[in-house]
1. If we scan the stretch 381-390, do we find a residue that is buried (at least 20 other Cβ atoms within 10 Å of the Cβ) and more than 30 Å from ASP188 (Cβ to Cβ)?
2. Here are some residues: LEU285, LEU235. Which one is surrounded by 23 or more Cβ atoms within 10 Å (Cβ to Cβ), touching a Gly at 6+ places or on another chain (Cβ under 8 Å) and of a type outside the set (Ser, Thr, Tyr)?
3. Here are the criteria: (1) touching a residue at least 60 places away in the same chain (Cβ under 8 Å); (2) in a loop (DSSP other than H, G, I, E, B); (3) under 22 Å from the mean Cα position of the chain (by Cα); (4) closer than 19 Å to ASN234 by Cα. Tell me which single one SER346 does not satisfy.
4. If SER396 satisfies all but one of (1) over 25 Å from LEU295 (Cα atoms); (2) within 23 Å of the chain's Cα centre (by Cα), what's the number of the condition it fails?
5. Please specify each residue of the stretch 280-314 satisfying the condition of being in a loop (DSSP other than H, G, I, E, B) and either modelled with pLDDT under 95 or more than 19 Å from LEU241 (Cα to Cα) (or both).
6. Against the conditions (1) buried (at least 22 other Cβ atoms within 10 Å of the Cβ); (2) touching a Lys or Arg at 6+ places or on another chain (Cβ under 9 Å); (3) closer than 23 Å to LEU296 by Cα; (4) not basic (Lys, Arg), where does GLY206 fall short? Just the number, please.
7. Quickly run through the stretch 94-132 and pick out the residues that are surrounded by fewer than 19 Cβ atoms within 10 Å (Cβ to Cβ) and touching a strand residue (DSSP E or B) at 6+ places or on another chain (Cβ under 8 Å).
8. In the stretch 349-371, which residues are assigned to a loop (DSSP other than H, G, I, E, B) and under 29 Å from the mean Cα position of the chain (by Cα)?
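The values are calculated or read from the model by the stated rules, or taken from the named source; none is laboratory data. This one's a predicted model, so the numbers in the text were calculated from it and none came from an experiment. Positions of Cβ are backbone-derived with ideal geometry, glycine not excepted, and every protein chain shown enters the neighbour counts.
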Amino acid sequence: MFDHRVLKPAKQLIFSLITFSVVIFLIHADDVIYHQSLRSYEHKGTPEELQTHTTRTALRSTLAHIPLRSLREEEEDVDSGDQKTPVAPINVTKKERIAWFRENLHEFKIFKSNKFTKQFHARVLGFFSHECETQFFMTWISPASSFGGRELLSLESLFKVHPQACLMILSRTMDTKHGNRILKPLLDRGYKVEAVTPDLSFLFRGTPAEAWFQELSKGKKDPGEIPLSQNLSNLMRLAVLYKYGGIYLDTDFIVLKPFTGLRNSIGAQSMDMVSKQLTRLNNALLIFDMNHPLLLKFIQEFALTFDGNKWGHNGPYLVSRVIDRLQKNDGFNFTVLPPMAFYPVSWTRIGGLFWKPKNRGESKWVEAKLLQLNGQSYAVHLWNKQSSSLTIEEGSVIGRLVSDHCIICNYTFSS
């Protein structure tokens, strides 16, 4: 006869060992899956050498025969995903701010080169060598832990209407195991999305921003009071479209219908109601061919007039300034779309789309607004800076759009 008092602790010990083994296995599996996604693009050559390949097929053949790195080497290159960029002090002189910038330059990981940045061009070409109906870009320079439900909703809505698209997120923090876990629900469903650590030196090389960036990376430029990551994102989107072509959009859009047929386009965010003249453009969504001359004009304006102390100066105001100076397109071949295309609601009124209707009149307004948006808009900009603290209420315009345009649909609404 066995003594159950002896067996009980033994069973608990065995169960604990099994549980521990399963946890270790899952952690290791997650690590292997993340690093496996990187190995396909490993290359020992420089970006310039990669550009000499005549076809993407040849590039894929080359990548397939490159030896793999050890996990230890890869771990040394992976950021935690939660790296925070220092914020410049306010109410100081330009000289004092530049001195602070030089002193803290080592904290700006975005400037640092590593094995991942050297793979950038190869990974871009390798990723878009898949059958992509459309190639999209986003940027994310904040910590991976900040990439939340609102951002995932933007990705879901994009793939809802562009299921065969390829989306690349230029991000050092999302190009980590943490970032891979965030994107995994979409990857598991077969959608083509990948975060890639950008090589800014390569991205800006051969553009009017090359010298500006070299000076900045040496601590010789005033970064300004506005977070530098915001201004680098403004420049990155212009450069990546210039080098590769495609569609850039911010992570606070709900995409409503395909962008099919749109080419070399930028959207206006406001219009004079009397004259019907477009008064302000925005760079939150850009659609351009590779090497488009207007993008080069934008990059040139950025480098010549950079001011890190004025919000929007290097972004929406920049594209507005450049296009305002152009006379009747000047042969640049582009289209400015009206506010209804991408910015159907201004940032001052975006809150109304988050609130549920409280009476019959408001319910009719919600239905009318949904009919208008679904009929006339390609996407809705949520103006996250103003709306990030708002709760999506059930039955609101945004709540209805989320329900209609999500894929995973793992969202809860307030009643």
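1. Within the stretch 381-390, one or more residues are buried (at least 20 other Cβ atoms within 10 Å of the Cβ) and more than 30 Å from ASP188 (Cβ to Cβ).
2. Values: LEU235 fails: touching a Gly at 6+ places or on another chain (Cβ under 8 Å).
LEU285 is the lone residue from the list that is surrounded by 23 or more Cβ atoms within 10 Å (Cβ to Cβ), touching a Gly at 6+ places or on another chain (Cβ under 8 Å) and of a type outside the set (Ser, Thr, Tyr).
3. (4)
4. (2)
5. Kept after step one, since they are in a loop (DSSP other than H, G, I, E, B), are these residues of the stretch 280-314: 289-292, 306-314.
Scanning the stretch 280-314 gives PHE306, ASP307, GLY308, ASN309, LYS310, TRP311, GLY312, HIS313.
6. (1)
7. Scanning the stretch 94-132 gives PHE128, HIS130, CYS132.
8. Taking the stretch 349-371 as the starting set, the residues that turn out to be assigned to a loop (DSSP other than H, G, I, E, B) are 349, 355-359.
Within the stretch 349-371, ARG349, TRP355 meet the criteria.
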